[in-house]
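Working notes, beginning with the structure itself.
Laboratory data are not the source of any read-out in this text; all were calculated from the coordinates shown. Remember, predicted model here, so these are calculated numbers, not experimental data.
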Amino acid sequence: MIKKIKKNKGFTLIELIVSISIIGLMSGFLLLDYRTAGKKTVLHIQTQEFTADIRRAQNMALGSLDFNGVTPVGGWGFYIADANRYYLFVDNDPVGSANHGIYNVGDSIVETISLSEKIMFSTGIGVSVVFLPPDPKVYINGINSGTVIITLQQTDDITATKTVVLNAFGLVDIDY
């Protein structure tokens with residue numbers, strides 16, 4: 001009896017080279033995107049943390065939270081001190097006074113928050129926002145109207161930015 005020998009068909013050398021080349025190209029693109037994604041993630045997380053701190057100040061005002069056993073007469077707020085740091089503060093100036101709704105040396109800093117060394121404020125430096133209980137009314141730089149736009153950016157890439165918009169109704173939005 002004669003047996004027929006089957007030839008196992010496999011991949012040709014050209015098919016293997018093309019497949020490996022495609023996998024290599026895709027891996028290269030993935031690595032490039034992975035490096036930039038890490039930087040964008042830091043910007044995204046820092047923007048989320050900043051927005052959460054804005055909402056925290058707003059919630060402290062809504063809850064009429066006491067500071068040192070007393071409800072603040074001027075409310076709770078945040079102030080962007082410079083390109084790398086901001087304060088959560090208690091406004092000690094009563095409504096109607098010249099300094100109400102604006103951070104000044106007479107106010108009590110509750111917490112100082114520093115941004116990552118890779119992130120900075122590019123707009124909004126010097127902005128004060130105060131939430132006055134129980135409504136809360138929102139004072140942007142001492143005025144109960146308007147909108148403030150605050151931009152965070154990567155220090156090594158000025159095109160990578162996130163914008164936080166806050167209006168006098170207390171609505172906070174992040175521009176993705």
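Miscellaneous remarks
- Spatially close lysines, pair count over the chain: Cα under 28 Å, gap of eight or more or interchain: 6
- Length gained on full extension, ASN167 to ARG56, computed as 0.36 nm times the residue gap minus the Cα-Cα distance: 38.4 nm.
- Residues whose amide H comes within less than 5 Å of that of GLY75, counting only those at least five positions distant or on another chain, are ASP91 (H built at 1.01 Å from N in the peptide plane).
- Linear extension gain, THR147 paired with THR159, 0.36 nm per residue minus alpha-carbon span: 2.0 nm
- Relative contact order of the chain: 18 percent, from C-alpha pairs under 8 Å at least 6 residues apart in sequence.
- Gain upon complete extension [LEU13, PHE29; 0.36 nm per residue less C-alpha separation]: 3.3 nm
- Descending Cα extents along the principal axes, the chain, whole Å: 109, 34, 28
- Between segment 146-170 and segment 99-123, the Cα center-to-center distance that results, in Å: 15 Å
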